[in-house]
Ligand code: GCU
């Protein structure tokens, strides 16, 4: 029967190689689970289910091995080495058993998933020795889900959370969601949109959230909520939401206490304030730190934290939005309560197909900065374009900020090793919905997977993650896997080429799907496409050097060095920092205009190459998955041509040059 994608990378298909299966059978005669901890129970259940499907056998759970061999033993090691994060684990062959050890139940669960991953890939047990611990402490998904079931920037159906049924009916799918996340090491989930409804602070909704949290808890996942900053006024009936007002502070304290009564392990709040029209402390002449610290105070008696977003910019057509977050937040460094983490988008604008890293990274040494990546493909073709995002995440994490000399990568800022942050965080804006296959496009599952794996270990490579995901999800046929890996690894560059080459950004408005580079009127003066690309009769691109906005000055000199000279700026970043003449010769030997045309045309044509790779993989694929992706690639091809033609025809009105020979002019 066909694969409907529901089981993600946890399919546990029957082990096909006889010798491997024989070895696995030898080491799976029992499971020893000490104690009755609910996360340990989840680990045992997962193993029983996994082994049942992989090996076709029923494995019993005991509370002691009684000196027997040939089983899987969970071993909690309390105390010992306090320098190691409690969630780390080891999976080893020891004394004739497979021993999964950790200082915490969470670690045992992660070790269990690691073992199951190992077995799904049919790797040998002989010499088994896996040791791993997370580099980042808070590894979260951010759901932009609304109480009415819609998802802001969601392309995989409606929300997974059925608020209208909760708390009485708890959809079994929540458990599968939790399993999928735990299998990657994700340990937090923010259930609702950052453009938050105050409704989530009502007793009615807290009870619903508690029912979801009860499921998450079993998989080591803490539940968080986005909050509406003006809730004391709109929900609490107070006259103000001023963070320095004693009544407002008391309201939040009580609210947080009320939440902890229902959800004793509540994770905390995520806050979008004074951003894109959302209320915030600045409405009362206060700072982001005043707002965040007020909420942090309410969390003092508990473990919860406050995640405060740095996604801010003013509706000013003459300012450079690129600079806004740095300008507002850097002066506040050192002013935030230790319970606050400031969450920063990877780039300075907004999840574009390619952005330079945000200049905030490295410039707030006294404030833990968390990473916010976007998994959902808001600017990456929704659910019809195949774009594997690990290279986007890695490109940012591997960027060198030079703040403490060479090697001061963004990853080292985020994992705390550079500035010694006590709390570290990586968040991904989720791409899940209630589609049967969770993500709409079957290949988009890989982006959820990649985010999770990188939030645990940012040193894994894009290729390693792709190969792993393909083996678990699509095929173990080597040839097929090679073609799909190639397709995935090139997909982002191909998308950039037909969509926003050479450092262009934001050629769309509104729903962020269709090309609208000509758009020069928006609901805000800065919400226009021309604001970003700056096409004119002379050239194209946003001058962010000293002769322009000088946003470059927000980076260290070594970074400025890479980008300040248009003759030396790598092409992927050229138009991010320079207004370049149409006839300027680039280092490819082509003029800007010719280079743009080359990118748009080869980018759109490369979708055909993706189609070929997919077809070559067909013999190793389930036919239903094959067909679904093949059809989506056809749509992608059509839409890539649409992007190409929209851009070329529009830019041609400024460049006033023909499309170079060899490329067919748009009809
Ligand atoms: C983008 C996105 C919005 C979202 C915002 C945010 O602008 O289009 O839908 O609310 O980012 O991250 O807050």
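The values are calculated or read from the model by the stated rules, or taken from the named source; none is laboratory data. Just so you know, these numbers come straight off a predicted model, no measurement behind them. Every residue, glycine among them, receives a Cβ derived from its backbone with ideal geometry; neighbour counts consider all protein chains shown.
Which ones in region 290-317 are in contact with a strand residue (DSSP E or B) (Cβ under 6 Å, 6 or more places away or on another chain), in a helix (DSSP H, G or I) and closer than 13 Å to residue 280 by Cβ? I'd like the intermediate steps shown before the answer.
Here is the first cut: in region 290-317, the ones in contact with a strand residue (DSSP E or B) (Cβ under 6 Å, 6 or more places away or on another chain) are 292, 295-296, 304-311.
Among the residues that remain, those that are also in a helix (DSSP H, G or I) are: 292, 295-296.
The answer is 292, 295.
Can you find a residue in region 173-183 that is assigned by TED's automatic domain parsing to the domain that holds residue 464 and either in a strand (DSSP E or B) or within 25 Å of residue 229 (Cβ to Cβ) (or both)? Outline the logic, then answer.
Let us first name the residues in region 173-183 that are assigned by TED's automatic domain parsing to the domain that holds residue 464, namely 173-183.
In the following step, the residues that additionally are either in a strand (DSSP E or B) or within 25 Å of residue 229 (Cβ to Cβ) (or both) were identified as none.
Within region 173-183 (the criterion being assigned by TED's automatic domain parsing to the domain that holds residue 464 and either in a strand (DSSP E or B) or within 25 Å of residue 229 (Cβ to Cβ) (or both)), the answer is no, since none of the residues qualifies.
Sort through 348, 356, 368 and tell me the only one that's buried (at least 24 other Cβ atoms within 10 Å of the Cβ) and within 16 Å of the ligand (Cβ to nearest atom).
Details: 356 fails: within 16 Å of the ligand (Cβ to nearest atom); 368 fails: within 16 Å of the ligand (Cβ to nearest atom).
Just one listed residue meets the conditions, 348.
Which of the following residues is within 16 Å of the ligand (Cβ to nearest atom) and touching a helix residue (DSSP H, G or I) at 6+ places or on another chain (Cβ under 9 Å): 251, 308?
Values: 251 fails: within 16 Å of the ligand (Cβ to nearest atom).
Matching residue, one of 251, 308: 308.
Which condition breaks for residue 594 when tested against (1) buried (at least 16 other Cβ atoms within 10 Å of the Cβ); (2) under 16 Å from residue 484 (Cβ atoms)?
Going through the list (1) buried (at least 16 other Cβ atoms within 10 Å of the Cβ); (2) under 16 Å from residue 484 (Cβ atoms), residue 594 breaks only (2).
Just wondering, is there one or more residues in region 373-392 that are in contact (Cβ under 8 Å) with a residue 60 or more places away in the chain and closer than 18 Å to residue 329 by Cβ?
no
Quick check: anything in region 525-543 without any contact (Cβ under 8 Å) to a residue 12 or more places away in the chain and within 16 Å of the ligand (Cβ to nearest atom)?
Start the filter on region 525-543 by keeping residues that are without any contact (Cβ under 8 Å) to a residue 12 or more places away in the chain, which leaves none.
No.
Just checking, does region 562-569 include any residue being surrounded by 16 or more Cβ atoms within 10 Å (Cβ to Cβ) and either within 24 Å of residue 657 (Cβ to Cβ) or touching a strand residue (DSSP E or B) at 6+ places or on another chain (Cβ under 7 Å) (or both)?
So in region 562-569, the residues surrounded by 16 or more Cβ atoms within 10 Å (Cβ to Cβ) come out as 562-564, 566, 569.
Going one step further and asking which of them are either within 24 Å of residue 657 (Cβ to Cβ) or touching a strand residue (DSSP E or B) at 6+ places or on another chain (Cβ under 7 Å) (or both), we end up with 566, 569.
Yes, some residue in region 562-569 is surrounded by 16 or more Cβ atoms within 10 Å (Cβ to Cβ) and either within 24 Å of residue 657 (Cβ to Cβ) or touching a strand residue (DSSP E or B) at 6+ places or on another chain (Cβ under 7 Å) (or both).
Just one of 499, 434, 477, 447 is surrounded by fewer than 23 Cβ atoms within 10 Å (Cβ to Cβ) and within 19 Å of residue 378 (Cβ to Cβ); which is it? Lay out the reasoning, then the answer.
Details: 499 fails: surrounded by fewer than 23 Cβ atoms within 10 Å (Cβ to Cβ); 477 fails: within 19 Å of residue 378 (Cβ to Cβ); 447 fails: surrounded by fewer than 23 Cβ atoms within 10 Å (Cβ to Cβ).
After ruling out the rest, the residue left standing is 434.
Just give me the residues in region 608-667 being in contact with a helix residue (DSSP H, G or I) (Cβ under 7 Å, 6 or more places away or on another chain) and farther than 30 Å from residue 4 by Cα, in sequence order.
Correct list: 643, 644, 647, 648, 651, 655, 657, 659, 660, 663, 666.
Within region 141-148, identify whether any single residue is touching a helix residue (DSSP H, G or I) at 6+ places or on another chain (Cβ under 8 Å), outside the structural domain of residue 116 (by TED's automatic domain parsing) and more than 16 Å from the ligand (Cβ to nearest atom), and answer yes or no.
no
Of all residues in region 267-288, which are surrounded by 21 or more Cβ atoms within 10 Å (Cβ to Cβ) and away from the ligand (no atom under 16 Å from the Cβ)?
Answer for region 267-288, where residues must be surrounded by 21 or more Cβ atoms within 10 Å (Cβ to Cβ) and away from the ligand (no atom under 16 Å from the Cβ): 267, 268, 281.
Yes/no matrix, rows are residues, columns are (1) within 25 Å of residue 372 (Cα to Cα); (2) more than 16 Å from the ligand (Cβ to nearest atom); (3) over 16 Å from the mean Cα position of the chain (by Cα):
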| residue | (1), (2), (3) |
| --- | --- |
| 115 | no, yes, yes |
| 122 | no, yes, yes |
| 126 | no, yes, yes |
| 137 | yes, yes, no |
| 150 | yes, no, yes |
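Specify which of the listed residues (228, 224) is within 16 Å of the ligand (Cβ to nearest atom) and over 30 Å from residue 45 (Cα atoms). So that I can check it myself, show each step before the final result.
Working: 224 fails: over 30 Å from residue 45 (Cα atoms).
The conditions single out 228.
Filter region 156-193 down to residues that are within 16 Å of the ligand (Cβ to nearest atom), in contact (Cβ under 8 Å) with a residue 60 or more places away in the chain and over 15 Å from the mean Cα position of the chain (by Cα), then give me how many there are. I'd like the intermediate steps shown before the answer.
Filtering region 156-193 down to residues within 16 Å of the ligand (Cβ to nearest atom) leaves 156, 159, 190-193.
Restricting the remaining residues to those that are in contact (Cβ under 8 Å) with a residue 60 or more places away in the chain gives 156, 159, 190.
Imposing the further condition that a residue be over 15 Å from the mean Cα position of the chain (by Cα) reduces the set to 156, 159.
Qualifying residue count for the region: 2.
Condition first: more than 14 Å from the ligand (Cβ to nearest atom) and in a loop (DSSP other than H, G, I, E, B). Now tell me which residues in region 486-515 satisfy that.
Scanning region 486-515 gives 500, 504, 507, 514, 515.
Answer yes or no as to whether residue 196 is over 23 Å from residue 272 (Cα atoms) and within 16 Å of the ligand (Cβ to nearest atom). Can you show your working first?
On the way: over 23 Å from residue 272 (Cα atoms): no; within 16 Å of the ligand (Cβ to nearest atom): yes.
Criteria not met by residue 196.
Is it true that some residue in region 322-343 is within 16 Å of the ligand (Cβ to nearest atom), in contact with a helix residue (DSSP H, G or I) (Cβ under 8 Å, 6 or more places away or on another chain) and either more than 27 Å from residue 231 (Cα to Cα) or in the same structural domain as residue 534 (by TED's automatic domain parsing) (or both)?
Checked region 322-343: at least one residue is within 16 Å of the ligand (Cβ to nearest atom), in contact with a helix residue (DSSP H, G or I) (Cβ under 8 Å, 6 or more places away or on another chain) and either more than 27 Å from residue 231 (Cα to Cα) or in the same structural domain as residue 534 (by TED's automatic domain parsing) (or both).
Do you know which of the residues in region 544-591 that are without any contact (Cβ under 8 Å) to a residue 60 or more places away in the chain and in a helix (DSSP H, G or I) is farthest from residue 664 (Cα to Cα)?
553
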